[in-house]
Structure formats: C-alpha cells, structure tokens
1. Taking only C-alpha pairs under 8 Å that are 6+ residues apart, what is the relative contact order of the chain in percent?
2. Report the equivalent ellipsoid semi-axes for the chain in whole Å, largest first, defined as the square roots of five times the eigenvalues of the gyration tensor built from alpha carbon atoms.
3. With all protein chains present, calculate the accessible area of E66 using a 1.4 Å probe and round the result to the nearest 10 Å².
4. How much solvent-accessible surface does D89 expose, in Å² to the nearest 10, with a 1.4 Å probe and all protein chains in place?
5. Could you pull out the pairs from K135/K156; K15/K142; K30/K135; K74/K142 whose alpha carbons sit more than 30 Å apart here?
6. Projected onto the charge dipole of the chain (+1 at Lys/Arg Cβ, -1 at Asp/Glu Cβ, origin at the Cα centre), which of L116, L14, G45 gives the Cα projection farthest towards the positive end?
7. Please report, to two decimal places, log10 I(q)/I(0) for region 62-137 at q = 0.13, 0.26 Å⁻¹ as given by the Debye formula with identical point scatterers on the Cα atoms and no solvent.
8. State to the nearest 20 debye the size of the charge dipole of the chain about its Cα centre, where the only charges are +1 on K and R beta carbons and -1 on D and E beta carbons.
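The values are calculated or read from the model by the stated rules, or taken from the named source; none is laboratory data. Keep in mind it's a predicted model, so treat the numbers as computed, not measured. Because the Cβ atoms are built from the backbone with ideal geometry, glycine has one as well, and the counts that use them run over all protein chains shown. Accessible surface areas use protein heavy atoms only, side chains included; no ligands, DNA or RNA. Shrake-Rupley method; radii C 1.70, N 1.55, O 1.52, S 1.80 Å.
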Amino acid sequence: MTQNEQTGHLAELLKDASIAMLTTVSPEDKLISRPMAIQKTEFDGDLWFIFSEDSPKAEQIRDEAEVNVNFESKHTWVSLSGRGRIVHDRAKLEENWSTAVDAWFPDGIDTPGVALLKVEAESAQYWEAKGGPVKMAMELLKARGSDHQPDIGRSKKVEL
C-alpha cells in the first residue's frame, strides 16, 4: 500500500469513531489517558480536538509533545502515535465547532483559553475484526482445546 492508500484506509477505519482516548506524558513521566471528542474533519494524517489550553493536558503537550490516540469503532481498534501541538486558528476552530462542544465552554467559541489540539500522526497500529462478535466467538470456540489459531481479524502497523 502507498502512504496515501494507508492514510485513506485509516480514514475509513476512523470515520465512525466519535470518542478517542488521548494519552499524554505527565511531568512525572506517567502516562495519562482521557476521553476526547473527535472532530469530524476528514482524516488526512492529522487529528483535531477542541480543548482548553489552561488544562493539565495542554501543559503536558507543551512539555512533551509525544501523544497516543486510541479509537474503537465497529469491531475495529486503532492506536495512533504522533506529535501533539496547540493551534490557535479561528477559522479551523469555527470549522470544527459544534453544539456538543458548547457544553464544555460557557462562552462558546469565544471562551478564553479555547484552542485546538492538532495531532500529527507518525504511525498507527490497527486491528480489524472479521465478521463481528458472532464470528469472533465461533473462532475462539474452535480454538479451545485444539491447536487451531483463531482467525479473528488482521492487525497491521502503518508508518505515516
């Protein structure tokens, strides 16, 4: 697969995801994960999140820009690793704003400290389950007590 094909395949895998787990590194070198709403921008190797630049995660991104973002959607799991950075771009913020985001920011898009987190993906690992939970259960049952390896999907690492 070419890089464009890999990015396109990842975009397809991510299109139905609405929540991601964003992992950053604390000042004490501890991994910290929290749920984040995914902005519905077409994935092109970059992910966008709206957040408060006054939050601890913003401080962690300023200090250590390496981040990981995990998704689950329709029997597909994706883990993206990359670089996070804080972006102040009013047009991009307006493009990504939704009524759901209003709940987190009392003054809407004009709330002091509202910013964008841009994650520039460097690599991804994904797993696609075949046939959903029934197929997975059948494969696991076939494997019990035998030397049969369950065929429950494919996993691939992608460098972006």
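1. On the way: 286 pairs, mean separation 35.2, N = 160.
Answer for the chain is 22 percent.
2. Numbers: eigenvalues 223, 56, 48 Å².
Whole-Å semi-axes of the equivalent ellipsoid: 33, 17, 16.
3. Counting only protein heavy atoms, E66 exposes about 100 Å² to solvent.
4. Only protein atoms counted, so the area is about 70 Å².
5. Result: K15/K142; K30/K135 exceed 30 Å.
6. L14
7. Per q value, in the given order, log10 I(q)/I(0) is -0.60, -1.12.
8. On the way: 19 positive and 28 negative charges, 153 e Å.
Magnitude of the dipole: close to 740 debye.
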